[in-house]
Every structure is written in C-alpha cells, then in structure tokens.
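The values are calculated or read from the model by the stated rules, or taken from the named source; none is laboratory data. Here the structure is a predicted model, which means the values were calculated and not measured. Every residue, glycine as well, gets a Cβ built from its backbone with ideal geometry; the counts of neighbours run over all protein chains shown.
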Amino acid sequence: WIDSLCIVQDSAEDWQRQSAQMATIYTNAYLTLFTDCARDDGAGFLRPRSAWKYTAVTLPFADNVETGDAAHLADRGWISQERVLSRRILHFGR
C-alpha cells in the first residue's frame, strides 16, 4: 500500500476515508519501507548496486535514523505514525 498512489490526492473525502485506515494498514503490514535516501516524496530511492558483500545483522531500534537527505520527511506527522505502528521497517539509505 502506497499512500500517494492509493489515496486520490485531490480529494479531501478520499483522504479522510483512507487516512482513517492508516493505523490498521501499518499495524498489519508485514514490512514497511522507509526511503531515507530520497530527497523528497517524488524522488526515486533505488540505485545501482555495487559488488559489496552483504551480511545480515540485527540492530536495536534507533530513534535518530532521519540523519540522511530525507531528514525533513521524518518531521511529518504521518511519517512518525508509520514508524511507531510498523512492526518491521526496512530503511533504504546510501
């Protein structure tokens, strides 16, 4: 579910109806993607991958993840709601 695609952007009525369901959507989501590397909500976040070796690690919850280019996005109320309600978050950074 992507809010900017699933909510009719120029309809206050659709926004009211859909935003009332956001808590349920994020609470029940298997995984929420946070695109910390995106400069704004219209920017892409996927980049060509280099030939790095990847290792799986488990990290404790950090409240200071908004230190990248998209720090201003983390100031929005619904972003905080998504972070608090989501069970699993995958952050895309640089």
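Some points to look at:
- For beta carbons closer than 7 Å, sequence separation of 6+ or different chains, a first residue in the stretch 1-28 that is on the phi < 0 side of the Ramachandran plot and without any contact (Cβ under 8 Å) to a residue 40 or more places away in the chain and a second that is of a type in the set (Phe, Trp, Tyr) and surrounded by 11 or more Cβ atoms within 10 Å (Cβ to Cβ), the qualifying pairs are Ile7/Trp15; Ile25/Trp1.
- Among the residues making up the stretch 51-83, those that are at pLDDT 70 or above and within 11 Å of the chain's Cα centre (by Cα) are Ile79, Ser80, Gln81, Glu82, Arg83.
- Subset of the stretch 20-57 (residues that are within 17 Å of Arg94 (Cβ to Cβ), surrounded by 10 or more Cβ atoms within 10 Å (Cβ to Cβ) and of a type in the set (A, V, I, L, M)): Leu33, Ala38, Ala43
- Listed here are the helices (runs of 4 or more DSSP H) enclosed by the stretch 1-50 that have at least 1 residues being more than 15 Å from the chain's Cα centre (by Cα), more than 15 Å from Arg83 (Cα to Cα) and of a type outside the set (Lys, Arg): 12-19.
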